Amino acid sequence: MNLDKFISTTIDSLKNKIGDEKAIIALSGGVDSSVCSVLVKEAIEDNLTAIFVDHGLLREGEVDEVCGIFQNRLNFKYIDATDEFLDALKGIKDPEEKRKIIGKIFIEVFEREAEKIKAKFLVQGTIAPDWIESGGKIKTHHNLALPNGMVLDVVEPIRDLYKDEVRDVGLKLNLPEKLIHRQPFPGPGLAVRVLGEIDEDKIAICRKINHIVSEEVESSGFNKQLWQYFAVLTDSHVTGVKGDQRDYGYLVVVRMVSSLDAMTATVPEVPWSLISKISKRITSEVKEITHVTLSVSDKPPSTIEFE
Ligand code: XMP
């Protein structure tokens with residue numbers, strides 16, 4: 001596909017379709033929603049409002065990074081909904097229930113903002129594998145009814161692109177290289193990397209251990225072979241020894257996988273120096289951790305995330 005042509009024809013058709021109406025997008029800072037946001041902005045300027053919902057489950061530095069990139073580039077709205085999400089998740093252990101609650105609160109927060117804007121269109125960063133994998137059942141033209149009865153006309157400007165094309169379009173639209181090549185991150189964020197019940201303290205620990213894994217993998221260059229690399233905070237405590245004291249801290253699992261599309265994934269041979277350094281840093285820098293393990297299971301039968 002000629003991407004310059006794609007960009008210009010998409011901008012024209014967005015102008016025709018949206019006209020002078022208002023549109024909204026949930027901008028996560030992931031590649032797809034970021035590319036979509038800047039593409040639609042080219043067409044309708046500030047009639048697009050990009051809403052960045054912070055559920056308090058994001059990675060180290062992520063909020064500042066996303067705000068820094070988009071604050072002056074888009075009609076951008078940052079919503080800190082951390083308390084709302086964490087309150088709703090209190091006491092919830094079941095992974096599916098955690099996911100459902102996060103999805104529900106997300107829609108509630110987004111809906112509140114959409115109502116203020118009086119948007120007619122909802123822009124979504126659906127890409128080709130998203131609808132092809134669902135059996136091609138998602139229609140090209142459809143409406144979405146929010147729980148409050150508001151009906152939005154769904155616009156999916158990049159639905160025919162594959163990930164590599166989305167990245168190239170992003171580069172052509174001057175999005176930073178770091179954002180374009182960022183590893184995928186699940187919508188429910190660190191909630192699915194803290195096993196069982198979550199709270200603010202566990203999320204903070206999970207944020208630290210994920211940051212250490214990212215720093216080490218990226219500085220070693222091993223990230224070029226990986227689709228995702230992260231750490232999971234389990235709900236198991238194990239005995240350890242720190243100094244000459246018995247300790248009883250959390251068990252952490254480090255996961256590094258290679259994949260083309262996340263449908264299947266394999267664990268490559270991880271350089272020993274890398275995993276050893278990660279383990280030493282986690283146990284020395286994060287006092288709550290006594291033991292680090294490496295996940296070696298492919299997908300299938302495992303999934304990439306733990307919950
Ligand atoms: P699994 O764990 O199912 O993950 O092997 C496959 C890919 O999807 C990501 N993932 C999600 N992405 N919302 C997302 O946008 C989600 O709820 C979600 N859950 C998993 C995961 O990180 C991996 O890249």
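Since every read-out is calculated from the coordinates, none of them should be taken as a lab result. Here the structure is a predicted model, which means the values were calculated and not measured.
Compactness of the chain is given as radius of gyration and Dmax, 20.6, 71 Å, from Cα positions. Here is how the number arises for the chain: DSSP H runs of 4 or more residues each give -39500 (n - 2.57), the sum is divided by the residue count, and the result at 222 nm is -12500 deg cm²/dmol. Under 5 Å from the amide H of Trp227 lie the amide H atoms of Val257, Ser258, Ser259, each residue being 5 or more positions distant or on a separate chain, with H modelled from the backbone and absent for Pro and chain starts.
Here, region 22-121 has an Rg and a Dmax of 14.2, 45 Å when only alpha carbons are counted. Averaging Cα coordinates gives a centre for region 255-307 and one for region 209-231; these two points are 9 Å apart. Spatially, region 1-68 and region 93-139 are offset by 15 Å when compared through their Cα centroids. Of all DSSP beta bridges confined to the chain, the antiparallel ones make up roughly 45%.
Taking the longest Cα principal axis of the chain as reference, the axis of helix 272-285 is set at about 80 degrees.
For region 177-192, putting each phi into the Karplus relation 6.51 cos²θ - 1.76 cosθ + 1.60 with θ = phi - 60° gives couplings of 3, 4, 6, 4, 9, 5, 5, x, 9, x, x, x, x, 5, 4, 8 Hz, in residue order, rounded to whole numbers and with x for Gly and Pro. Note on the chain: with a GNM built from Cα contacts shorter than 10 Å, the maximum mean-square fluctuation among Leu294, Leu195, Leu260 falls on Leu260. Distances between placed amide hydrogens fall under 5 Å for Leu161 paired with Ala128, all partners being 5 or more residues away or on another chain. With all pairs of different C-alpha atoms in the average, the Kirkwood value for the hydrodynamic radius of region 99-140 is 12.4 Å. Which of the residue pairs Lys93/Lys178; Lys98/Lys287; Lys116/Lys172; Lys5/Lys163 have a Cα-Cα distance greater than 24 Å in the structure shown? In this structure, Lys93/Lys178; Lys98/Lys287; Lys116/Lys172 exceed 24 Å between Cα atoms. Using alpha carbons only, how many degrees (0 to 90, rounded to 10) separate the axis of helix 163-172 from the longest principal axis of the chain? Roughly 70 degrees, rounded to the nearest 10. P(r) tail for region 3-180: Cα pairs beyond 19 Å make up 60% of the total.
Please list the equivalent ellipsoid semi-axes of region 193-294, computed as the square roots of five times the alpha-carbon gyration tensor eigenvalues, in descending order and whole angstrom.
Result for region 193-294: semi-axes of 24, 16, 11 Å.
The phi-based Karplus calculation (6.51 cos²θ - 1.76 cosθ + 1.60; θ = phi - 60°) puts the 3J(HN,Hα) values of region 216-225 at 5, 5, 5, 6, 7, x, 5, 4, 5, 8 Hz, whole numbers, x for Gly and Pro.
Applied to region 41-47, the Karplus parametrisation 6.51 cos²θ - 1.76 cosθ + 1.60 on θ = phi - 60° returns per-residue 3J(HN,Hα) values of 4, 4, 8, 10, 6, 7, 6 Hz, with x for Gly and Pro. For Asn75, the residues whose modelled amide H falls within less than 5 Å of its own, excluding neighbours fewer than 5 places apart on the same chain, are Ala50.
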